[in-house]
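Each remark here refers to the structure printed beneath this line.
The values are calculated or read from the model by the stated rules, or taken from the named source; none is laboratory data. Please read these numbers as outputs of a predicted model, since none were measured by experiment. Glycine also receives a Cβ, built like all others from the backbone with ideal geometry; neighbour counts cover every protein chain displayed.
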Amino acid sequence: MKLVASLRALASSFFHRSRLDGEIEEELRSHLQHRADDLESSGLARAEAERRAAIEFGGYQRFKEESHEALGGQLTENLVQDVRFSFRALCKSPGFTLVAVFTLALGIGANAVVFGMLNALILRPLNVPQAQNLYMIERGRAPTQSYPDYLDLRDRNRDFKGIVAYEMAPAGLDIRDSTSPIWLYEASGNYFDVLGIQPYLGRFFHASDEHGPNSAPYIVLSFAYWHSHFQSDPGVVGRVVQLNKYNYTILGVAPARFRGTELFFAPDLWAPLVNQQQIEGFSGLNSRAARGMWLVGSLKTGMSPAEATADLNSVAASLARAYPKEDGSINFALFRPGLLGDMLGSPVRAFVGGLMFLAGLILLAACANLGGLFATRAADRSREIALRLALGSSHKRILRRLLTEAILVSLAGGLLGLSGSVALLRWLSVWQPLPNIPINVSVDADGRTYIVALLLALLSGLLFGIVPIRQVLRANPWQTIKGGPSGATLPRRFTLRDLLLAGQIAVCAVLVTSALVAVRGLMRSLDSNLGFDPQNAIQVNTDLDMARYSGDQVPIMQQRMLDAVANIPGVTAAGFADRVPLNLGWSDATVFTDSTTDYRPSNAAAEASAYNVSPGYFRAAATTMLAGRAFTWDDGPKAPRVAVVNREFARKVFGSLEQALGAHFKDWGGTRVEVIGVVEDGKYKTLAESPQAALFLPIRQSPSSETWLIVRSDLDPGVLANALRQTLRSLDAGLPFTINTWHKELDTALFAPRAASLALGVLGGLGAMLAVTGIFGMAAHSVSKRLRELGIRIALGAQRGEVLRAVLGRVFRLLAFGSAAGLLLGLAATKVLSFIVYQATPRDPVVLAGVVLTMLFLGLVAAWIPAQHALAADPLILLREE
Amino acid sequence: MTDHAELLPGTLDLLILKAVSLGPLHGYGVLLRIGQISGRALLIEQGALYPALFRLVRQGLLKATWGTSENNRRAKFYELTAAGRRRFREETEGWNRLAAAMASALAAQPEEI
């Protein structure tokens, strides 16, 4: 009842505020008139009587306000008043307001950006119906499966509504007489049906379209590709296009929001997996050992992941009995889909989690900074507050106004930070970090990001808004007014403000440490030995099956290309391989010692990154031969099987380099292979990896249509690229290819450490800015408080050093203390970085020295102006002012 | 100043209820009536009367109507509601008990203990 009544009063007061106001006013005036009438009748003149009546009445405004409150109109009324008052107060000190809003905007902006990433990569499920039921099926530590295993899992499980398989691959698509490389998903027939996607246009392919290898020449365009390459023409449905020179019918267009089942990888189109042979030039569909498929299953409603895992493993047990060689001991596990299962999932989660933590620290530092600012402001306004208290304002009222100020600042900062972060996220969403590959992540801000940012802003507003409350409550008006501004005694012990500053400096030191560690790691990984030399090397990437070469035509064409390229004047070395180190995608080969007869995975001697390379490859890549010989054209299909291995392979399988040369090992099929050469170790999958075994096989013994030409030359890359383009066009005008310097191709490998260094560098920079404003605020405040004392000291002959020590000693003690704490914390935090950054060790003298120097430098920069101010204190002027 | 008694907290409301219980009054009239019935011994700050009046109206103890005063001026007249009369009775009894207890406590002589 009471609630309803007060709500009604609130509502009516809101809508009838002026009417209510008028009524109160009229009643109070009526009182004054009646009183004046009485006084007049006792003999006073009317004017004098009215004056006396007003005096007797007391504080007219105050009673009017209290009457208003008594009538229940106080809430909105006071809120509007508080906001107006706080707004005026903030406008009166623009310096304070700007610094406060900007500081908070940095904190909120950083958090909104990182939260946007967290939201897009981790929190938000794939954009498909019932995404919470989707799981990626992984086999132990290997995320991909073979097609026969997929068929068994699909048909024999009981807990999934359906399981889809897909692979990502490049292909050549002919539109209007020109072939352009595109990326597609080869997807199982049930792909769209299990995921529950409806076509935007036309239809999708279904399981019923699959009738054996190459039986389903259909493609489905992505919305983006349809928009950019077919001008959103609704007439494309049914049109026949050439994919790798084979005729394919466009069935339909996928909806715009569906970007495939990998967050990082939005395909241009989808094609049936059964057509793998036409799309990739080879087909692993019949081999249980060719494990290239990603499997995603959709759980039946009510099934738990644990039940489904048990179900899959019972299938696995029967597979192990039937195919001990390929499926000897397999164990399935379920992971969240979207980030290549657990392969990218766990490092991305660790990294974004780490970033979120650091961004949280930024916000904490910003709050500490603002808390300090507000406390200082409250201290500077202690006289004003005391005056208000003395004039009858209540503590409650003053606190409410201070809090309103804090909330106004936090809202302004939050909005500013949010708009900045929305712009940044929008830019990140269209950013394509890697050449030639459609890798990008849609991290657009959504409602959740907005809400989180504004909640954070309000929360931090309340957090730093309550810092000065104790100060206000303790305020004794008489003492403050009597004492005057210089009466504030020097605080001897550490105050809350000191702790805030030291904490903030510690946080900033953590950020600076992480940034330096990341940048050092990036520098070191660029300097580390890659096992090849990207300098002066150009790569030409093509896939001969895009121009429909097959079988024996492939090696003939490859050799023609190599000869033509090697004959370009200025080219010093040329070779090719089916893939190159440190690029996306790799192949691992399981090898066994010569004496092994049981080829189970558990008996393997090593897992080696495998490359099929042409004669001349090592010279073109500038990979140093340590012993033995490189391949020649004589290492052909009929010659004995041979291999070149790296030093790590030799050590792992044979014990040493000397023992490896001339020795044999067996490949996964049991074929004996002789080691004819050993090359230096390098980096193969990521820059951060520890030494890996690598295996090079002659391309004539294991042919592939995928071709990476490596051309070494002292020519200008632009000139050479033109010559290469002409040469290759003259060989086959219909062959699609891309030309890049090796440095450019390395962007792929450098992407993760670069992104990490960039993110941490930005956060470190933010931390440094906050440290500067925090120290500046503290030093400036301490100088302005003690200006009079300093002036007297100078007048009495104090030296510059003594003055500075007196006023900045405390600030620098806090700086040293905070930095030391932050450095220690930062060293602990950088463990997270070692996932991504090469040798991210914090025990690096350069990093340690760098952090100490940076913090000292920041302290000096921040204290510079207050120090000048202190030294310039003129006792005469100061004393006159009092 | 010394011949006026300070008003105890909470007594203003009771005084207003008493004053209005003797007949409808406007604000200034309430003030005069309190002065009259207390023998001018109780000091009320004039302005402070109004927040108290409005509070009582909001609690539903008084009801207010605009009318014309004896001076021929527009004024708002207050009278007790049913709830106001009940509250007035309860508070009067409570006050009398308190006053009696205080009086007997203060009148106690050493030999009575």
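Looking across segment A:778-800, not a single residue is under 11 Å from A:Ala867 (Cα atoms) and at pLDDT 80 or above. Checked against (1) touching a residue at least 24 places away in the same chain (Cβ under 8 Å); (2) within 14 Å of another protein chain (Cβ to nearest Cβ); (3) buried (at least 18 other Cβ atoms within 10 Å of the Cβ), A:Ala70 meets all criteria but (1).
Yes/no per residue for (1) outside any helix (DSSP H, G or I); (2) in contact with a strand residue (DSSP E or B) (Cβ under 8 Å, 6 or more places away or on another chain); (3) over 30 Å from A:Lys652 (Cβ atoms):
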residue	(1), (2), (3)
A:Ile556	no, no, yes
A:Leu562	no, yes, yes
A:Thr572	yes, yes, yes
A:Thr590	yes, yes, no
A:Ser609	yes, yes, no
A:Asn612	yes, yes, no
A:Pro615	yes, yes, no
A:Thr623	yes, yes, no
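Within segment A:22-31, the set of residues being closer than 19 Å to B:Ala48 by Cβ and more than 10 Å from chain B (Cβ to nearest Cβ) comprises A:Glu25 only. The single condition from (1) modelled with pLDDT of 80 or more; (2) at the interface with chain B (Cβ under 7 Å from one of its Cβ atoms); (3) in contact with a helix residue (DSSP H, G or I) (Cβ under 7 Å, 6 or more places away or on another chain) that A:Ala54 fails is (2). Just so you know, in segment A:774-816 the residues that are of a type in the set (Lys, Arg) and assigned to a helix (DSSP H, G or I) include one that is surrounded by the fewest Cβ atoms within 10 Å (Cβ to Cβ), and it is A:Arg800.
Listed by position, the helices (runs of 4 or more DSSP H) enclosed by chain B that each have at least 3 residues that are within 14 Å of another protein chain (Cβ to nearest Cβ) and not hydrophobic (A, V, I, L, M, F, W, C) are B:27-37, B:49-58.
Can you work out which of the residues in segment A:32-47 that are part of a helix (DSSP H, G or I) and exposed (fewer than 11 other Cβ atoms within 10 Å of the Cβ) is nearest to the other protein chains (Cβ to nearest Cβ)? Reasoning before the result, please.
Filtering segment A:32-47 down to residues part of a helix (DSSP H, G or I) leaves A:32-41, A:46-47.
Remaining after also requiring exposed (fewer than 11 other Cβ atoms within 10 Å of the Cβ): A:41, A:47.
Details: A:Ser41: 10, A:Ala47: 18 Å.
Looking at residues that are part of a helix (DSSP H, G or I) and exposed (fewer than 11 other Cβ atoms within 10 Å of the Cβ), I get A:Ser41.
Assigned to a loop (DSSP other than H, G, I, E, B), surrounded by fewer than 19 Cβ atoms within 10 Å (Cβ to Cβ) and either free of Cβ contacts under 8 Å to residues at least 24 places away in the same chain or within 14 Å of chain B (Cβ to nearest Cβ) (or both), is that true of A:Leu98?
Values: assigned to a loop (DSSP other than H, G, I, E, B): no; surrounded by fewer than 19 Cβ atoms within 10 Å (Cβ to Cβ): yes; either free of Cβ contacts under 8 Å to residues at least 24 places away in the same chain or within 14 Å of chain B (Cβ to nearest Cβ) (or both): yes.
No: the conditions fail for A:Leu98.
Here B:Leu14 meets the list (1) in contact (Cβ under 8 Å) with a residue 12 or more places away in the chain; (2) surrounded by 17 or more Cβ atoms within 10 Å (Cβ to Cβ) almost entirely, failing just condition (2).
The single condition from (1) farther than 20 Å from A:Phe631 by Cα; (2) modelled with pLDDT under 85 that A:Val540 fails is (2). For segment A:263-277, a tally of residues being crowded, with 22+ Cβ neighbours inside 10 Å and assigned to a helix (DSSP H, G or I) returns 4. Taken across segment A:211-218, residues that are of a type in the set (A, V, I, L, M, F, W, C) and either under 23 Å from A:Leu334 (Cβ atoms) or surrounded by fewer than 22 Cβ atoms within 10 Å (Cβ to Cβ) (or both) do not occur at all. Could you look through segment A:723-750, keep only residues that are at pLDDT 75 or above and of a type in the set (S, T, N, Q), and pick out the one that is nearest to A:Asn536 (Cα to Cα)? The selected residue is A:Thr741.
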